[in-house]
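The values are calculated or read from the model by the stated rules, or taken from the named source; none is laboratory data. Note that this is a predicted model, so its numbers are computed, not measured. Glycine also receives a Cβ, built like all others from the backbone with ideal geometry; neighbour counts cover every protein chain displayed. Just the protein is used for accessible areas: all its heavy atoms, side chains included, with ligands, DNA and RNA removed. Shrake-Rupley method; radii C 1.70, N 1.55, O 1.52, S 1.80 Å.
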Amino acid sequence: MAGSHSLLDLTAHALAEEIEAGEVSAREAAEVANTRIGEVEDEINAFVTTTPGLALERAEAVDARNGGRNLWEGVPLVVKDVLSTRGVRTTCGSRILENFEPLYDASALRNFGDDLIVVGKANCDEFAMGSSTENSAYGPTRNPWDLGRVPGGSSGGSAAAVAAGEGWWALGTDTGGSVRQPAALCGIVGLKPTYGRVSRHGLIAFASSLDVVGPMTRDVRDGALLLQAIAGHDPRDSTSANVEVPDYLTNLEDGVEGLRIGVVPELMGEGIEPGVREVAERVASGLEGAGAEVGEASLPHSGYGLPAYYIIAPAEVSSNLARFDGVRYGLRVSADGVHEMYRKTREEGFGAEAKRRIMLGAYALSSGYYDAYYAQAQKVRTRIIEDFQAAFARYDVLLSPTAPTVAFEIGEKVDDPLAMYANDICAVPANLAGIPAISVPGGLSEGLPVGVQLMSDHFTEPTLLRAARATEQVADFRYQMKP
Ligand code: GLN
């Protein structure tokens, strides 16, 4: 039987196999995670809520059900606090949902069964709006690589938990980079699947035309396994795709021989730190050395992605967040009359960034400005989709950095929304086009992890994962638990 320390060193798939073989119990795994959380959580603050008792109880139930279990069911999971979990409060990092307890699990979790072993709900920017996890009402999460720095965001708690070994794997959500960017800043793998590949039912909506649930893991194989667990059609989500789920693990080791990989010049230049660019370049030549045909793939409109995103996402926010009015969910601040109650509830319940987005969105959608902002942004979105179509006619996979910088200091950008938004420059084009993208650690710059982003065409996750696995092999980086 493996000792508790070696359990923490395992990848999720290795742990899953040991549990399957009966060498370790799910209960032992949950205990190890609970202990590690107890040791480091004061420093990291990766969780809004931890659920040690529930994890043990559910793990025992999973152990009792030997036979007919999915491979992944015994491995405890960290769940971003925007995904509904039955009986476990789900705050979205917001005061307005401080005491909200969903009645059901999000559909993305359904293949874990009723006994989903959740060790805790991961901290995040309020309603997933942000790139540093500083916009949480529950305090910032610290980057396990350097406690003075941010873990990225909005899924910063999920990324930090995996980097710190407070769990083997985590789910995040990616609307404009929120799985990939924190994965990059914390030295782990973050996969944003094709839009519609994973159900959004039970995911509390941020921007419904962009939101995707995705795995955050120690390595690419874990990402493939967790995608296998969460992918699939769901009649409860009308935007979920009725496309067969392939086996994401079979072709993982096939290598990149003959694969056409296009480096995106527009995402390698201005605004990208030299140390970050060097890592991306090194990985690209490594892939060429491994047999890929590497060339240049221009996305001429990608520079307009960021401004278009920061119209479209807030527009959808202004609509999606209208439901938090003190009537049906969460916080209610009593006042004289219903209008005053709405006003006070929203004023006290929402933080500064949520309010900023609601105002930006309402403005962009208002009559007189709709054509100038929202309609224009949708046209840009179409141009970006066409750019990708042209690029994928020549290349199987596109490559760029994931984020323009390594992890920055806590407090450095929090008062400068434009500087904060600029973090998403490489990430948002994939969201606007709905294509899958993954961040794989490529190496270090200034002693901090750098993520390399790969993108591929709709529903080609098997190719993307195969290229990502090869990237992991040529990269100058191996997962190491911090601090
Ligand atoms: N950082 C981006 C934003 O603030 C993306 C967030 C996300 O993907 N959830 O909107």
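From the list Ser199, Ser208, Ser240, which one is in contact (Cβ under 8 Å) with a residue 12 or more places away in the chain and within 16 Å of the ligand (Cβ to nearest atom)? Explain how you work it out, then say what you get.
Values: Ser199 fails: within 16 Å of the ligand (Cβ to nearest atom); Ser240 fails: within 16 Å of the ligand (Cβ to nearest atom).
Checking each option against the conditions leaves just Ser208.
Note on the range 359-373: residues that are surrounded by fewer than 20 Cβ atoms within 10 Å (Cβ to Cβ) and in a helix (DSSP H, G or I) total 7.
Inside the range 112-147, residues that are closer than 30 Å to Glu446 by Cα, open to solvent by 10 Å² or more (accessible area, probe 1.4 Å) and away from the ligand (no atom under 16 Å from the Cβ) make up a count of 6.
Among the residues of the range 305-322, are any away from the ligand (no atom under 14 Å from the Cβ) and over 25 Å from Ser456 (Cβ atoms)? Yes. Mind checking whether some residue in the range 376-385 is surrounded by fewer than 22 Cβ atoms within 10 Å (Cβ to Cβ), more than 16 Å from the ligand (Cβ to nearest atom) and on the phi > 0 side of the Ramachandran plot? Within the range 376-385 (the criterion being surrounded by fewer than 22 Cβ atoms within 10 Å (Cβ to Cβ), more than 16 Å from the ligand (Cβ to nearest atom) and on the phi > 0 side of the Ramachandran plot), the answer is no, since none of the residues qualifies. Which one is farthest from Val118 (Cα to Cα) among residues in the range 18-34 that are within 25 Å of the chain's Cα centre (by Cα) and open to solvent by 10 Å² or more (accessible area, probe 1.4 Å)? Here the residue is Val32. Between residues in the range 411-438 that are at positive phi and touching a residue at least 24 places away in the same chain (Cβ under 8 Å) and residues that are open to solvent by 10 Å² or more (accessible area, probe 1.4 Å) and not small (Gly, Ala, Ser), which pairs lie under 9 Å by C-beta distance while being six or more apart or on different chains? Once the first residue is at positive phi and touching a residue at least 24 places away in the same chain (Cβ under 8 Å) and sits in the range 411-438, its partners that are open to solvent by 10 Å² or more (accessible area, probe 1.4 Å) and not small (Gly, Ala, Ser) give Gly411/Glu134; Gly411/Pro140; Gly434/Tyr195; Gly434/Ile385; Gly434/His458. Filtering Gly269, Gly223, Gly258 for residues that are crowded, with 23+ Cβ neighbours inside 10 Å and either in a loop (DSSP other than H, G, I, E, B) or within 21 Å of the chain's Cα centre (by Cα) (or both) leaves a single hit, Gly223. If you check Ala430, Ala422 for being within 12 Å of the ligand (Cβ to nearest atom), at pLDDT below 95 and aliphatic (A, V, I, L, M), only one passes: Ala422.
Every listed requirement among (1) away from the ligand (no atom under 14 Å from the Cβ); (2) more than 18 Å from the chain's Cα centre (by Cα); (3) open to solvent by less than 30 Å² (accessible area, probe 1.4 Å) is met by Phe408 save one, (1). What about Leu399, is it assigned to a strand (DSSP E or B) and open to solvent by 10 Å² or more (accessible area, probe 1.4 Å)? No: the conditions fail for Leu399.
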